[in-house]
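Quick notes on the structure that follows.
No value in this document is a laboratory result; all are computed from the given coordinates. On a predicted model such as this, the values are computed, not experimentally measured, just so you know. So basically every Cβ, Gly included, is an ideal-geometry build from the backbone, and we count neighbours across all protein chains shown.
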Amino acid sequence: MVEFTIPGRPFAKQRPKAAIVAGRARVYTPKETVSFEGKVAEIARPFFPEPIEGPVKLRIVAVFAVPASWSKKKSAAHEGGFHVQRPDGDNLLKSIKDGLNRIAWRDDCQVSDARCVKRWGRYDETFVQVEALS
């Protein structure tokens, strides 16, 4: 089992964008998504000498910092509690899965057991746990 932390605000995969270039439609991935997936890959690479073969279990805990504008009472009441605002958990999973492609596994279709938990906390960070199931 491999565990690591991605510092900073949890990032959800963005939808592809479309543009007309030289009269032709072009679909591309937004640069913020590409940047975050690269950050995930960079952090994870030292933990995976080679990609896992076979089925994989993926667990992530996305921790969102309690807003500074909240009162101390409200902050204390929410810390450690579930985060029920945007972004969606499935989009958080997608960004991590795509960032780990060809590093933790050959293709994200190998992720046969995935779970994302969103919580409030003191700091923005994402905990990632990857485990081979075979």
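Considering only 65, 77, 22, the Gaussian network model of the chain with Cα springs below 10 Å gives its largest mean-square fluctuation to 22. Taking other Cβ atoms within 10 Å as a rough exposure proxy, 36, 82, 64 sort from fewest to most as 82, 64, 36.
Legend: calculated FRET efficiency, residue 35 to residue 74, from the Cβ-Cβ distance at R0 = 35 Å, rounded to 0.05, equals 0.60. This ranking places 21, 130 by how few other beta-carbon atoms lie within 10 Å of each, fewest first, which gives 21, 130.
About the Cα centre, and with charges only on the beta carbon of Lys, Arg (+1) and Asp, Glu (-1), how big is the dipole of region 66-115? Nearest 20 debye, please. Each step should come with its number before you reach the end.
On the way: 9 positive and 7 negative charges, 63 e Å.
Computed charge dipole of region 66-115: roughly 300 debye.
Once the Cβ-Cβ distance of residue 82 and residue 28 is raised to the sixth power relative to R0 = 35 Å, the FRET efficiency obtained is 0.55. How would you classify region 57-128 from its alpha-carbon gyration tensor, with a ≥ b ≥ c the square roots of the eigenvalues: rounded for a/c under 1.5, else prolate if a/b is greater than b/c, otherwise oblate? Prolate, because a/c is 1.5 or more and a/b exceeds b/c. Springs between Cα atoms under 10 Å define the GNM used for the chain, and in it the highest mean-square fluctuation of 85, 110, 14 occurs at 85.
When the helices of the chain are scored as -39500 (n - 2.57) per DSSP H run of n ≥ 4 and the total is divided over every residue, the value at 222 nm lands at -7500 deg cm²/dmol.
Pairs exceeding 27 Å between alpha-carbon atoms, taken from 39/72; 39/73; 73/97; 13/57; 31/118: 39/72; 39/73; 73/97.
Take every Cα pair under 8 Å whose residues are at least 6 apart in sequence, average their separation, divide by the length of region 74-134, and the relative contact order is 50 percent. The GNM of the chain, with springs linking C-alpha atoms under 10 angstrom apart, assigns the highest mean-square fluctuation among 15, 122, 106 to 15. Could you grab the relative contact order for the chain? Cα pairs under 8 Å, six or more apart, rounded to a whole percent. Normalised by residue count, the contact order of the chain is 45 percent.
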